[in-house]
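Notes follow once the structure below has been shown.
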Amino acid sequence: MAGFLDRAKEQAQSAMQQGKQKVDEVQQQRAGNDLLKRLGAAYYAERNGSGSAAATQQALTALEVHIAAHGDAFLRSGA
């Protein structure tokens, strides 16, 4: 009986860890998409005269930092 409970506990912990990893991936993807959207908005504003090159560069730098830390998979996700 104890062996069964140990295996069940291990499976539950494994499932919980996988779920946490998936949540982390989704959060990183959302953050990357938000940064990409911010870059696009900054570029658009700059091109239309209501933004600045500094704001565009700041948005690009933030995106590059995110990519360095979490990778660029969100760029290929299609979302």
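List, in order, the whole-Hz ³J(HN,Hα) value for each residue of segment 29-40 obtained from phi through the Karplus relation with A = 6.51, B = -1.76, C = 1.60 and θ = phi - 60°; use x for Gly and Pro.
5, 4, 4, x, 5, 5, 5, 5, 5, 4, 4, x
As a test of the formula, what do you get for the chain when each DSSP H run with n ≥ 4 contributes -39,500 (n - 2.57) and the sum is divided by the residue count, at 222 nm and rounded to the nearest 500 deg cm²/dmol?
Calculated from helices alone, the mean residue ellipticity at 222 nm is -29500 deg cm²/dmol.
Quick one, which of [x] 43, 10, 8; [y] 24, 16, 11; [z] 40, 13, 9 is the actual semi-axes √(5λ) of the Cα gyration tensor in Å calculated for this model?
Looking at semi-axes √(5λ) of the Cα gyration tensor in Å for this model, the match is [x].
So how strong a dipole does the chain carry about its Cα centre when Lys and Arg Cβ are +1 and Asp and Glu Cβ are -1, to the nearest 20 debye?
On the way: 9 positive and 8 negative charges, 37 e Å.
Using only the charged Cβ atoms, the result is roughly 180 debye.
Can you work out the FRET efficiency for the pair N33 and A53, with r the C-beta to C-beta distance and R0 = 22 Å, to the nearest 0.05?
0.40
For helix 53-70, what angle does its Cα long axis make with the longest principal axis of the chain, in degrees from 0 to 90 and rounded to 10?
20
Which one of Q17, Q28, Q58 has the biggest mean-square fluctuation once the chain is modelled by GNM with Cα springs under 10 Å?
Q17
If you build a Gaussian network model of the chain, linking Cα atoms that sit under 10 Å apart, which residue out of A42, A68, A59 swings the most?
So, out of A42, A68, A59, the one fluctuating most is A68.
A short reminder: the numbers here are calculations on the coordinates, not readings from a lab. These numbers were taken from a predicted model, which means no experiment stands behind them. Please note: Cβ atoms are built from the backbone with ideal geometry, for glycine as well, and neighbour counts cover all protein chains shown.
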